[in-house]
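Student: Here it is, the structure in full.
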Amino acid sequence: MRVLFSTTPAHGHLLPLLPLARAFGERGDDVAVVTAGVFGPVLAPEGIELLSAGPTMHVLLAEAGRRTGADPTTPLPETVAELFGGAAIDLAAAETLTAAGRWRPDLLVSEIHDYVGPLVAATLDVPVATLALGPAHPPEYAASIAAVADRRYADRGLTRRSAAWLLDTCPAALQPMGWQAPPERMPLRPEAHRQPWDELPELAPAGRARRARPRVLVSFGTEFSSPQLLSPILRALSAADVDLLVTLGFTASAADFDVDHERVTFAGFTPLDRLLRGVDLVITHGGAGTTLGALAAGIPLAVVPQGADHFIQADRVVASGAGLALLPGTATPEAVTEAATTVLTEPAFRASAQVIAAQIAALPTPADVAAELAAATLKRALLN
C-alpha cells in the first residue's frame, strides 16, 4: 500500500506523524510525506521520502498576518482560520496536488490542522485519516477553519470530505468535560519524538551531579524559545535548587541567553524522548507534542502558554491535576519559579501525570493502528 502523510510545515505538526509513518514503513508499505522542502534533514535519516511542496511556515504566518492585520499565532477563530484554511491552501495546494498526483497514494494521513492534504485526497479520490495532535479544539475553531477552507474547495469544484478515521492521540483524562468520542475515532498512542538509532547517553546537566537536585526541562519549542522571553525566567529558576536543561530554538545560541551558564545546560534540536530522560518537571509553552510527550513519561508540567493551541493544553493540564499554568500577565519569572517549586514538591501532580501515562500506555500502538488502517483501506477499496 502507498501511504502519503500531509502536514502543515512546522515541526510540532510533522513530528507526531512520524511514529505512524515508521509503522507503515516497517510493514513494507511505501511511505512519503508531502510538505515544505526544509524538512528534508528530518525525514532523510528516517528513510521516509519527502515530496517537497509549498512554502515554509514563516511564509504562511506572514501571509496570514498580512491578510488579517493580526498576529496569526493569536488563538482567535478568524486568525486561525485564515492561516490554516486560507493562506495554507492558497500557497501550497497547487504544488501539493502535483506532487501527490505523481506519487499516487492509496491512503492520505493528515494532521488535524492541515486542510491541504484533504483537498488533494478529494481531488484524487482517496480516503483520509486525520491525526489529532492533542485535546479536542473548541467547536468554533474547527467551524471557522472549515468555512474558510470550504470556499477554496468550492473554487476547485470540490466538496470537503469528512475524514474516514480520526486518529486520536489524546487520553481521556485530557479531553474537555462533556467530550464524546466521534464514531470514526481510532485511538493511537502518542510517542515523544525519538530517533530509533539513538543510543547516546542522556544529556549531562551543568553544575552538580544530576540526582543531587531535581532536574527541570525548559522547552518552548522551535518557535517560541526566544532569549528575551526565557532569560529572565531562567535567571529566576537557576536561583532555585534545581538543575536546568533548556532547549534552543532554531535562531538562537546559548550565548544569546543572559544567564549563569554554570547553572544552565542548553541543547540544540534534540529528540524529546532523549531530553525527557531523568527529568522531574517540564516547563513548557504547551505545544501538544511536548505536553503529551511529558505526560506519556509520567512527568508533571508547568505551562506558560504563548499562543496557538497552547491555551487548550494548559487548561487540560490544570484540569487533570498534572500541573499548573501561568497565563499572560501572570507569568513573571518569580511566578514561574514558584509554580515549578509547587509542582516539584507536591506529590499529587506527579501522581496525576502517572495516571495519564497509564492511559496513554493503554492506547493502541502505531503498529496496531497501521495494520488496522491498512485493513480498513483495503476493505473500503473492495466495497467501492
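Here's the yes/no breakdown for (1) touching a strand residue (DSSP E or B) at 6+ places or on another chain (Cβ under 7 Å); (2) assigned to a helix (DSSP H, G or I):
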residue: Ala302; (1), (2): yes, no
residue: Thr330; (1), (2): no, no
residue: Ala335; (1), (2): no, yes
residue: Glu338; (1), (2): no, yes
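Student: Here is a list: Gly249, Gly221, Gly278. Which entry is farther than 30 Å from Pro364 by Cβ and either in a loop (DSSP other than H, G, I, E, B) or out of contact with any His (no Cβ under 8 Å at 6 or more places or on another chain) (or both)?
Tutor: Exactly one of Gly249, Gly221, Gly278 is farther than 30 Å from Pro364 by Cβ and either in a loop (DSSP other than H, G, I, E, B) or out of contact with any His (no Cβ under 8 Å at 6 or more places or on another chain) (or both), namely Gly249.
Student: Is there a residue in segment 55-69 that is at pLDDT 95 or above, more than 24 Å from Asp150 (Cα to Cα), of a type outside the set (D, E, K, R) and not in a loop (DSSP other than H, G, I, E, B)?
Tutor: no
Student: Glu111 versus (1) more than 18 Å from Phe5 (Cβ to Cβ); (2) touching a residue at least 60 places away in the same chain (Cβ under 8 Å); (3) under 23 Å from the mean Cα position of the chain (by Cα): which is the lone unmet condition?
Tutor: (1)
Student: Given the residues Val259, Val246, which is the only one that is in contact (Cβ under 8 Å) with a residue 24 or more places away in the chain, touching a strand residue (DSSP E or B) at 6+ places or on another chain (Cβ under 6 Å) and not assigned by TED's automatic domain parsing to the domain that holds Ala10?
Tutor: Working: Val259 fails: touching a strand residue (DSSP E or B) at 6+ places or on another chain (Cβ under 6 Å).
Residue meeting the stated conditions: Val246.
Student: Tell me which residues, restricted to segment 147-171, are over 24 Å from the mean Cα position of the chain (by Cα), in a helix (DSSP H, G or I) and of a type outside the set (Phe, Trp, Tyr).
Tutor: Asp150, Arg151, Arg152, Ala154, Asp155
Student: So, one more: Residue check: is Gly40 closer than 24 Å to Ile312 by Cβ and assigned to a helix (DSSP H, G or I)?
Tutor: On the way: closer than 24 Å to Ile312 by Cβ: no; assigned to a helix (DSSP H, G or I): yes.
No: the conditions fail for Gly40.
Student: On the basis of being outside any helix (DSSP H, G or I), under 17 Å from the mean Cα position of the chain (by Cα) and either aromatic (Phe, Trp, Tyr) or under 25 Å from Leu61 (Cα atoms) (or both), does Gly289 make the cut?
Tutor: Working: outside any helix (DSSP H, G or I): no; under 17 Å from the mean Cα position of the chain (by Cα): yes; either aromatic (Phe, Trp, Tyr) or under 25 Å from Leu61 (Cα atoms) (or both): yes.
Considered against the rule, which asks whether it is outside any helix (DSSP H, G or I), under 17 Å from the mean Cα position of the chain (by Cα) and either aromatic (Phe, Trp, Tyr) or under 25 Å from Leu61 (Cα atoms) (or both), Gly289 comes out as no.
Student: Being buried (at least 19 other Cβ atoms within 10 Å of the Cβ), of a type in the set (A, V, I, L, M, F, W, C) and within 19 Å of the chain's Cα centre (by Cα) narrows it down to one of Ile299, Ile233, so name that one.
Tutor: Values: Ile233 fails: within 19 Å of the chain's Cα centre (by Cα).
Being buried (at least 19 other Cβ atoms within 10 Å of the Cβ), of a type in the set (A, V, I, L, M, F, W, C) and within 19 Å of the chain's Cα centre (by Cα) holds for just one of Ile299, Ile233, which is Ile299.
The values are calculated or read from the model by the stated rules, or taken from the named source; none is laboratory data. Model, not experiment: these values are computed from the prediction. In this analysis, Cβ positions are derived from the backbone assuming ideal geometry, glycine residues included, and neighbour counts consider all displayed protein chains.
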